[in-house]
Amino acid sequence: MLKLVGVETFYGKIKALHGVSLEVKEGQLVTILGANGAGKTTILKTISGLVEPEHGTIHFNGQRIDGEDSEKIVALGIGHVPEWRRIFPELTVEENLLMGGFLIKEKELLYERMEEAFRHFPILEKRKKQIAGTMSGGEQQMLAILRALMIRPKLLLLDEPSLGLSPILVRDIFTTIKDLHQSGVTILLVEQNVNRALSIADYGYVLTTGKILLSGTYEELLNEEKVREQYLGEGKYMRRSKLWSG
Ligand SMILES: Nc1ncnc2c1ncn2[C@@H]1O[C@H](COP(=O)(O)OP(=O)(O)OP(=O)(O)O)[C@@H](O)[C@H]1O
Ligand SMILES: [Mg+2]
């Protein structure tokens, strides 16, 4: 469904991605793991057209999408939930969702989609008229996910959805991600919550400074010493691994 080959993305003169190749098959839940600054967010932004790669190709359902503008990429069915729940804080919950469905021209369908979205987090339906910026961090994260669901994406890009949430909400968010996946949405998930991410993923990539270091299934990655040491808090990297609470 999604295939990146040799993708290189720059910010000015600084190279953030050094030839990233990865693949997400239809129906899979794939996770990208990696330390702060490794380039995880940059991969998602490059896929959704927010930044343009200098080299390499990106194909979605057989169609080349690198260099296309982000609106067209949304229209093809790629939903992006950005880092730090970027919602419109001054708008209501309902208005945020309507913005998420900006490509849908028929009003009836738009409201139908909104009802559909609320089924994932009924708690937000009760807060329809609330100004989004006044909601709790967890509620804002739920809203950010629902907003991306408005287009009924074929592929959902999730950038650290559990960031800054309490353990109970982290559990709820992961349950929702699992449900979405089971309902047929293909997912590319960026996470620091390595244990949880790998436990629901079909396949994982480990990124270090803009390069894919390793990839494999949950079991394969768990068997890699580097993954256990650096990301799961074993061995000599114990102190660093505090960043990677699971
Ligand atoms: N707009 C920008 N301008 C310049 N450099 C940038 C910009 N955005 C990201 N970078 C740099 O690109 C590299 C990759 O950043 P990116 O945000 O993709 O990392 P990340 O893996 O998502 O990190 P984190 O886990 O902290 O979110 C970093 O070195 C970062 O400083
Ligand atoms: Mg990031």
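Note down the relative contact order for segment 88-152 as a percent, whole number, built from C-alpha pairs under 8 angstrom at least six residues apart.
55 percent
Report, in debye and to the nearest 20, how large the dipole of segment 88-152 comes out about its Cα centre when Lys and Arg carry +1 and Asp and Glu carry -1 on their Cβ.
Numbers: 10 positive and 10 negative charges, 13 e Å.
Dipole of segment 88-152, to the nearest 20 debye: 60 debye.
Residue-wise, which Karplus ³J(HN,Hα) couplings in Hz belong to segment 12-18, taking 6.51 cos²θ - 1.76 cosθ + 1.60, θ = phi - 60°, and x for glycine or proline?
x, 8, 8, 7, 9, 10, 9
Can you give me the distance in nm between label points at L103 and K3, each placed 7 Å from the Cα along the Cα-to-Cβ direction?
Modelled inter-label distance: 2.2 nm.
Please list, in chain and number order, the residues 5+ apart from I65 or on another chain whose amide H is under 5 Å from its amide H, with Hs placed from the backbone.
Excluding prolines and chain starts, which carry no amide H, the hits are I58, H59, F60.
How would you rank T46, T175, going from fewest to most other Cβ atoms within 10 Å of each one's own Cβ?
Numbers: T46 23, T175 11.
So the ranking, lowest neighbour count to highest, is T175, T46.
Could you give me the ³J(HN,Hα) list for segment 90-105, computed from phi with Karplus coefficients 6.51, -1.76, 1.60 and θ = phi - 60°, whole Hz, x at Gly and Pro?
Those phi angles translate into 8, 9, 6, 4, 4, 5, 4, 5, 4, 5, x, x, 4, 7, 8, 8 Hz.
Taking the beta-carbon count within 10 Å as an exposure proxy, list Y111, Y11 from fewest neighbours to most.
Numbers: Y111 15, Y11 9.
Least to most surrounded, the residues fall as Y11, Y111.
Pick from L158, L22, L213: which residue has the top mean-square fluctuation in a GNM of the chain where Cα pairs under 10 Å get a spring?
Highest fluctuation among the options: L213.
So what is the 222 nm mean residue ellipticity for the chain from helices alone, if each DSSP H run of at least 4 adds -39500 (n - 2.57) and you divide by all residues, rounding to the nearest 500 deg cm²/dmol?
Details: 10 runs with 86 residues, N = 246.
That calculation yields -9500 deg cm²/dmol at 222 nm.
With a cut-off of 13 Å, note down the residues of segment 129-169 whose backbone N falls inside the zone around a label point 7 Å from the Cα of Y11 toward its beta carbon.
Zone members listed by number: none at all.
Hey, any idea what the orientation-averaged projected area of the convex hull of segment 88-152's Cα atoms comes to, in nm²? Can you show the working numbers first?
Working: hull surface 14.9 nm².
Computing the convex hull of the Cα atoms and averaging its projections yields 3.7 nm².
Past 31 Å, Cα to Cα, is the threshold; run K45/K107; K72/K226; K105/K129; K40/K72; K13/K105; K40/K129 against it and keep the listed order.
On the way: K45/K107 29 Å; K72/K226 39 Å; K105/K129 22 Å; K40/K72 22 Å; K13/K105 40 Å; K40/K129 34 Å.
Distance filter (> 31 Å) returns K72/K226; K13/K105; K40/K129.
If you line up the long axis of helix 137-149 against the longest principal axis of the chain, both from Cα atoms, how many degrees apart are they, to the nearest 10?
That helix lies at roughly 80 degrees to the long axis.
In segment 106-153, if the dipole is taken from +1 on Lys/Arg beta carbons and -1 on Asp/Glu beta carbons about the Cα centre, which of A132, Y111, A144 is farthest to the positive end?
About the Cα centre, the residue reaching furthest to the positive side is A132.
Throughout, read-outs are computed from the coordinates displayed, never taken from laboratory work. This one's a predicted model, so the numbers in the text were calculated from it and none came from an experiment. When we count neighbours, we look across all protein chains shown, and the Cβ atoms used for this are built from the backbone with ideal geometry, even at glycine.
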